[in-house]
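The values are calculated or read from the model by the stated rules, or taken from the named source; none is laboratory data. Given the structure is predicted, the values throughout are model-derived calculations rather than measurements. Here the Cβ is made from the backbone with ideal geometry for all residues, glycine too, and neighbour counts use every protein chain on show.
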Amino acid sequence: MNTEINGIILMFVLTILFAYPLGKYIANIFEGQRTILDPVFNPIEKFLFRISRLDSQKEMNWKEHMVALLTLNAVWFLLGMIILMNQGWLPLNPDGNPSMTPDLAFNTTVSFVSNTNLQHYSGETGMSYFGQLMLQLFQFISAGAGIAAAAVVFNALKARSTEQLGNFYNYFLKSCTRILLPLSVIVAITIMFNGTPMTFLGKDQVISMQGDTMHVSRGPAAAMVAIKQIGTNGGGFFGANSSVPFENPNYLTNIIENVSINLVPIALVFALGFYLRKKKLAWMIYGVMTVGYLCLLIPTIYLEMNGNPMLANLGVTQNLGSMEGKEVRFGPAASAFWAITTTVTSNGSVNAMHDSLTPLSGMFTMLGMQINALYGGVGVGFLNFFIFIIIAVFIAGLMVGRTPELLGKKVEAKEIKIAMLIFLLHPFLILIFTALASYLIYLNPDLPWLNNPGHHGFSEMLYEYTSSSANNGSGFEGLADNTPWWNISCGVVMLLSRFIPIIGPVAIAGILAKKKYIPESAGTLRTDTGTFGIMVFAVIIILAALSFFIALALGPIAEYFSMS
């Protein structure tokens, strides 16, 4: 047991050790400073901007940034639909996998464009290599767009009074070439040498230890696994994701991939501190995120290491902890660590089956996605947290009888209205669509959706929409989700929950950037203190966690008490 805990501590410490210098490097990129990769990528970037006829030096206001982001994603969405619906006859399909139906293609394309990577298909049988490579490209595009949006907000917070917030295309391309690509190459090479395949050959025929002839899927997996973790995408090359030895061969690769999930989201928090020259603010944000993260992580590890109480009541010895749905090479502690790490971010990759977690552990994974601001996805994690900062500043200002201010700018009614609309969108999408799905099941109990009845079946539906709205992509896989209802409804949720929560924070930042700068005084509310951090944490708990209490009570909490 001590070895398992030591492994978790090692992954946690390594993440911080790598994230802090990476944050400084990212801040240098946003500031336009010279980096070690300039000689390699500057000529490529100039060529791309020349053939696309885009001016990378043109300053944009926040609206122009959002138009660029939405246009970029719309183009790739249309291309993705075309390719997935025709992949059966397109090249690089050695296993002869079929084309996707329109509803599945819609869900898959939206999923990867929105950085969700919710997969209602199994990669081995549902996707050609050509389709996998396209989705891998989308993993760069969606992650790069999220980082670029964060850069716009950083600019707005730094500016004294301006509408010009840099160039979206410049931020987007540099995010891909200077951050995501180099890190992905390092991870891909490392896991490839540990056994992850990187080939365009089709299935291989092997003889099992008991003499059976088997056909084992393979493909260019290492490259996709790397960007799925670095870009908090999460979509796996194989159906069972990182629980498959080909995606995650051993404990070393488990450490590398786990560190990769949190690396860029945490680095962007430190980048904010370097970029604004306000390191205390960055540490406050990181501290609040980490306290929330640990509040979910510690009980989950405890629950999974202590086994399933129903099996204990039957007299079954569980020396290894709760091992249902888990890989022996990782164990319950590392599986629990991954489960929380992947759900507090928008990653969604798994090294164990979340449907097999004990009830309260499943609840904690859902809470991470429902809060959706503890580290979060690359770029968008900070944007979600920024909404809570705006709300906390407003409430704190009212409490002390002063006009709320953030970094020298007054926070007024327009900003608060946008912030509350963005906040309310998340529980609205999750709860309304879960209610609709539950009502459909009530009207027609024979719908082939749920493999588990009762409270756990409700949890499966709640988890699916929570994952979709949080742009996470993991699932309680007891749900039969490749149906028109789930493909279309989850696609709609993913679209709304991806782009509206990006537009809102960028709009708030753009509005603040235009306002007159007010120098700090003795009465200014400091936002880089522990006191304000406690205020933000309280806002997150009161607004986010309690919004979902009733739904959680109907699902995992009720299941927990029913097990007693």
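Residue pairs whose Cβ atoms lie under 6 Å apart, sitting 6 or more positions apart in sequence or on different chains, and linking a residue in segment 339-361 that is at pLDDT below 95 and of a type in the set (D, E, K, R) to a partner that is surrounded by fewer than 24 Cβ atoms within 10 Å (Cβ to Cβ) and in a loop (DSSP other than H, G, I, E, B), are ASP355/GLU477; ASP355/GLY478. Inspect segment 477-494 for any residue being in a helix (DSSP H, G or I), crowded, with 23+ Cβ neighbours inside 10 Å and among the aliphatic types (A, V, I, L, M) and give the result as yes or no. Yes, segment 477-494 has at least one match. Looking only at segment 163-173, decide whether some residue is part of a loop (DSSP other than H, G, I, E, B), of a type in the set (Asp, Glu), more than 23 Å from ILE16 (Cα to Cα) and in contact with a Lys or Arg (Cβ under 6 Å, 6 or more places away or on another chain). Yes, segment 163-173 contains at least one residue that is part of a loop (DSSP other than H, G, I, E, B), of a type in the set (Asp, Glu), more than 23 Å from ILE16 (Cα to Cα) and in contact with a Lys or Arg (Cβ under 6 Å, 6 or more places away or on another chain). Restricting attention to segment 300-332, the residues being under 28 Å from the mean Cα position of the chain (by Cα), of a type outside the set (D, E, K, R) and farther than 19 Å from GLY362 by Cβ number 1.
In the set LEU431, LEU425, LEU407, LEU436, only one residue is more than 23 Å from LEU294 (Cβ to Cβ), at pLDDT below 95 and either surrounded by fewer than 24 Cβ atoms within 10 Å (Cβ to Cβ) or touching a Ser or Thr at 6+ places or on another chain (Cβ under 6 Å) (or both); that residue is LEU407. Residues in segment 274-309 that are assigned to a loop (DSSP other than H, G, I, E, B) and either touching a Leu at 6+ places or on another chain (Cβ under 9 Å) or under 24 Å from ASN351 (Cβ atoms) (or both): 4 in all.
Screening ILE29 on (1) surrounded by fewer than 12 Cβ atoms within 10 Å (Cβ to Cβ); (2) part of a helix (DSSP H, G or I); (3) in contact (Cβ under 8 Å) with a residue 60 or more places away in the chain shows it passes everything except condition (1).
In segment 323-332 there is no residue matching the filter, namely being of a type in the set (Asp, Glu), out of contact with any Gly (no Cβ under 9 Å at 6 or more places or on another chain), buried (at least 24 other Cβ atoms within 10 Å of the Cβ) and under 28 Å from PRO359 (Cβ atoms). Only residues that are of a type in the set (A, V, I, L, M) and touching a Leu at 6+ places or on another chain (Cβ under 8 Å) were counted in segment 386-435, giving 12. The set of residues from segment 539-556 being under 25 Å from the mean Cα position of the chain (by Cα), touching a residue at least 60 places away in the same chain (Cβ under 8 Å) and either assigned to a helix (DSSP H, G or I) or more than 19 Å from GLU460 (Cβ to Cβ) (or both) comprises VAL539, ILE540, LEU543, ALA544, ALA545, SER547, ALA551, LEU552, GLY555, PRO556. Of all residues in segment 32-48, those that are part of a loop (DSSP other than H, G, I, E, B) have Cβ atoms under 8 Å from Cβ atoms of residues that are hydroxyl-bearing (Ser, Thr, Tyr), 6 or more apart or on another chain, in THR35/TYR25; LEU37/THR177.
Being small (Gly, Ala, Ser), in a helix (DSSP H, G or I) and under 22 Å from PHE499 (Cβ atoms) holds for only one residue in SER459, SER438, SER468, and it is SER468. Scanning segment 452-475 for residues that are modelled with pLDDT under 90 and in contact with a helix residue (DSSP H, G or I) (Cβ under 8 Å, 6 or more places away or on another chain) yields ASN452, GLY454. The set of residues in segment 464-503 being aromatic (Phe, Trp, Tyr) and over 11 Å from HIS120 (Cα atoms) consists of TYR465, PHE476, TRP485, PHE499.
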